[in-house]
Amino acid sequence: MAEGKYCYLPEEVVEHMFHYLTCHRDRNAASLVCKSWYHIDRFSRYKVFVGNCYAATPERVLVRFPRLKSLTLKGIPTSYWNLLPPQSQWGAFIHPWINTGGLHLEELRLKRMVVSDDSLQLISQSFPNFKSLVLVTCQGFSTDGLASIASNCRFLRELDLQECQVDDRRGQWLSYFPDSCTTLVSLSFACLKGQVNFGDLVRLVARCPNLTKLRLNCVVPLNVLHTILLQAPQLVDLGVGSYAANPVSDTYNKLKNALQKCTSIRSLSGFFSMVDLCCLRAVYPVCQSLTSLNLSCSPISSTKLCELIIHCRKLECLWVRDTIGDKGLGIVASACKELQELRVFRHMTQFSGVTEEGLVAVSAGCPNLKSLLYMCRQMTNAALITVAKNCPNLVCFILNTANPKLPDGMTEQPLDEGFGAIVQSCKGLKRLRLSGLLTDQVFLYVGMYGEQLKTLTIPFAGESDDGMLYVLNGCKKLKKLDVTNSPFGNVALLADMRKYETMRSLCMLSCQVTLGACKALAQKMPRLNVEIISPDVNNDRIEKMYLYRSLVGPRRDAPNFVQTL
């Protein structure tokens, strides 16, 4: 092809190319090539992801993608989720998105959204081909709304509830699935606290031959689980409910025999209650094929947990409590060589059994780690440097120490060098949460080496505005920045305001930002929404500020305690 020339591609060829672009970011980039590609993307994109439900209006999204069938929405910012005033309604309502003419939804995935029973009823009655509903950390609805989905969505394949706040008004909601419902592939209600009708559950599972994911809540006993497994030996993802039985009982023996026939199980979770830990031996037959094990809500003791993990040689994902201890993590390191994701959560509100020793052991034994969430009593620079050397493929690293300002456990120095090693060695790091005593030096490292960083969380860290400036000037791909209790103020906020147009959001809680600076920012950058909560009337300081990019201006449903500048 001669220099300065370009090759024309017929629209039929381009449409075929777009068929293989499944990532929304790739689609967005391709649609900017020319008007023709823009229109091809417009009429061929059926799945849309909106990372902030206030970045656009439902009408605007539908005009842009008139053939939309699958919609993914995120609502309340992560930093606000646990910090909003009690009983407050910040927003992020789903109703305007589904009450839009011309919409033909088949799939809806929501995270941190407010979903009412009326919204669920509207979904069930407005979209005759609706197939999938996934709600993650959502609130505002009850089992009455779930009953509407069950009774009216004739082609439902997926009903997945994760960490949702649900009002269990109707224990019979499973009975609303009609006898003709045979299409379920995924059913998850582990977050529900109320009773369910066991007979309805067993009959529903029995008539859905393609069901591969089933996660039960804490009230489903072992004898019901045994009956379910006999009806659904094809399960791949199993969430166990109550796990209380005597190891010499008939129930235990039946469960063990049923599990031996479930050769397809690859993911195991749940175990919300336990009477005799010896009963865990019943699940040993499926452990050898497991790739995912989630025991973050289980009271299993460290000893029995380690005995279980020894049988899980193919694990790629493991979620546990910190009660596993450093010794237990050493066993994980020796048994799970293929581990790619590890999450160690706090037991209730107390930090207990893990330190930097457990993290070092895991990093040495599991070099393929890509994602680490680690809540521990203490950390050291030496340990972080070791992790950086052992696990250069880390994409996500989230650290939470017992004291957010805790220094190096051995030298009493800041943890700057340790986190500096992480961002320097892990070239593909996209998500990072800092914790411990940190100076501006660590942000210099982050700005210099965090080339792929997209999400950064900073609690109780830094010395001056320079720290935030290092990050904003250096991290070119940064999309979300959450800052809490740090000395960053007006200078850092106003230094490079155009940077915020390339980001999704900036959240600053208990920093040194003032109302005047927020007003100046809002005036100079009209395409950004600047929302503040509870300004300090005594010194003009802002307690909570949420800044985000929007195509449609200030939102119209802000509550009284939120002021949009």
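Since every read-out is calculated from the coordinates, none of them should be taken as a lab result. This one's a predicted model, so the numbers in the text were calculated from it and none came from an experiment. Heads up, the Cβs are rebuilt from the backbone with ideal geometry, glycines too, and the neighbour counts pull from every protein chain shown.
Table for the structure above
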| item | result |
| --- | --- |
| Region 379-492 shape via C-alpha gyration tensor axes, a/c threshold 1.5 | oblate |
| Relative contact order computed over region 413-565 (Cα-Cα under 8 Å; 6+ residues apart), in percent | 16 |
| Mean separation of Cα contacts under 8 Å (6+ apart) over length of region 41-188, as relative contact order % | 18 |
| Taking all pairs of distinct alpha-carbon atoms in region 161-277, Kirkwood radius in angstrom | 14.5 |
| Segment Met410-Gln563, extension gain: residue separation times 0.36 nm, minus the distance between their alpha carbons | 50.5 nm |
| When the convex hull of its Cα atoms is projected in every direction, mean area for region 499-565 (nm²) | 4.4 |
| Residue-count net charge about Val446 - beta-carbon cut-off 11 Å; Lys, Arg +1, Asp, Glu -1 | -3 |
| Amide H contacts of Met379 (H built 1.01 Å from N, under 5 Å, at least 5 apart or other chain) | Gly409 |
| Alpha carbon centroid spacing (whole Å) that separates region 279-343 from region 11-66 | 41 |
| Residue-by-residue Karplus 3J(HN,Hα) for region 462-474, coefficients 6.51, -1.76, 1.60, Hz, glycine and proline x | x, 10, 7, 4, 4, x, 5, 5, 4, 5, 5, 7, x |
| Cα centroid of region 433-476 to Cα centroid of region 184-233, whole Å | 46 |
| Charge sum, other residues only, whose C-beta stays under 14 Å from Ala29's C-beta, Lys/Arg counted +1 and Asp/Glu -1 | +2 |
| Charge dipole of the chain about the Cα centre (unit charges at C-beta), most positive-ward option of Ser269, Leu159, Val185 | Val185 |
| Gyration tensor (alpha-carbon) shape descriptor, the chain, a/c threshold 1.5 | oblate |
| Dipole magnitude of the chain, debye to nearest 20 (Cβ charges: Lys/Arg +1, Asp/Glu -1, about Cα centre) | 1200 |
| For region 21-36, Karplus couplings with θ = phi - 60° (6.51, -1.76, 1.60), whole Hz, Gly/Pro x | 8, 9, 7, 5, 5, 5, 4, 4, 5, 5, 5, 8, 5, 6, 5, 4 |
| Cα shape, region 49-184, gyration tensor, a/c 1.5 rule | oblate |
| Calculated [θ] (222 nm, deg cm²/dmol) that DSSP helices of n ≥ 4 give over the chain, each run adding -39,500 (n - 2.57) | -8500 deg cm²/dmol |
| The chain, relative contact order [Cα under 8 Å, separation at least 6], % | 6 |
| Most to least packed among 35-47, 370-382 [average Cβ atoms within 10 Å] | 370-382, 35-47 |
| Amide H within-cut-off set for Phe93, under 5 Å, with H built and near neighbours excluded | Val114 |
